[in-house]
Amino acid sequence: MEKLRKFERVLEIVDQNNRQASRLIPILQAVQAEYRYLPEEILTFIATSLGISPARVFGVATFYSLFTLKPKGRYHIRVCNGTACHVKRSMDIYNAIHKKLNLQPGKDTTEDMLFTVETVNCLGACGLAPAMVINEEVYGQLTPERATEIIEDIIRKEENHELDTHGA
């Protein structure tokens with residue numbers, strides 16, 4: 001049933017874009033916003049719905065760095081490692097977050113799919129260096145300790161939400 005709902009929502013997005021192949025990028029953006037990544041079967045479905053080759057859809061999805069074919073956590077953490085942030089030790093922040101979330105080398109998403117942690121070349125927040133973005137919220141002038149506190153706050157919020165929704 002969940003899979004059917006997934007395709008229904010994708011079809012709504014394709015229809016909202018008048019099934020125009022020229023609207024492929026906005027369609028992919030909307031689908032990724034809905035699911036936090038672009039599953040292979042959905043890319044094939046989009047290609048069929050638009051009457052274009054799956055290779056073209058995969059080509060666009062893999063060419064642009066804003067798209068991902070891997071599932072992302074509910075909280076997408078992007079730690080800036082651009083020049084201004086790097087010289088202010090942004091990798092110490094990245095490493096502290098990895099340690100807090102118990103992420104092994106080469107892993108960027110927690111097992112529970114709550115967090116994905118990545119570095120980016122620039123967030124455009126150089127005056128706030130070192131900085132990170134969690135989903136759409138910018139955090140600046142960070143220390144490893146402050147970054148860890150922010151993660152702990154999110155974890156507490158999620159645990160409280162779980163308790164609220166399960167009546168415990």
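None of the figures in this text is laboratory data; all of them are computed from the coordinates on show. None of the values given here were measured: they were computed from a predicted structure. No Cβ is skipped: glycine too gets one built from the backbone with ideal geometry, and neighbour counts run over all protein chains shown.
Miscellaneous remarks
- Point-to-point label distance, residue 92-residue 154, nm (Cα→Cβ direction, 7 Å offset): 2.1 nm
- Sequence-distant residues sharing a close amide H with residue 115 (under 5 Å, placed H): 74, 75, 110
- Protection proxy ranking for 16-23, 122-129, using the average of other Cβ atoms within 10 Å per residue and placing the highest first: 122-129, 16-23.
- Karplus (6.51, -1.76, 1.60) ³J(HN,Hα), θ = phi - 60°, over region 17-23, in Hz, Gly and Pro reported as x: 9, 6, 6, 9, 4, 5, 9
- The packing ranking of peptides 77-90, 149-162, highest mean first, is 77-90, 149-162, where packing means the average number of other beta carbon atoms within 10 angstrom of each residue.
- Excluding same-chain neighbours fewer than eight residues apart, the aspartates and glutamates reachable from residue 72 by a Cα-Cα span under 12 Å are 34, 108, 111, 112, 118.
- A simple packing score, the average count of other Cβ atoms within 10 Å per residue, orders the peptides 102-113, 59-70 as 59-70, 102-113, with the highest score first.
- When cysteine pairs in the chain are screened for C-beta atoms closer than 4.7 angstrom, the residues that find no partner are 122, 126.
- When you restrict to C-alpha pairs under 8 Å that are six or more residues apart and normalise by the size of the chain, the relative contact order lands at 18 percent.
- Taking a sphere under 14 Å around the Cβ of residue 138 and counting the other residues whose Cβ falls inside, with K and R at +1 and D and E at -1, yields a net charge of 0.
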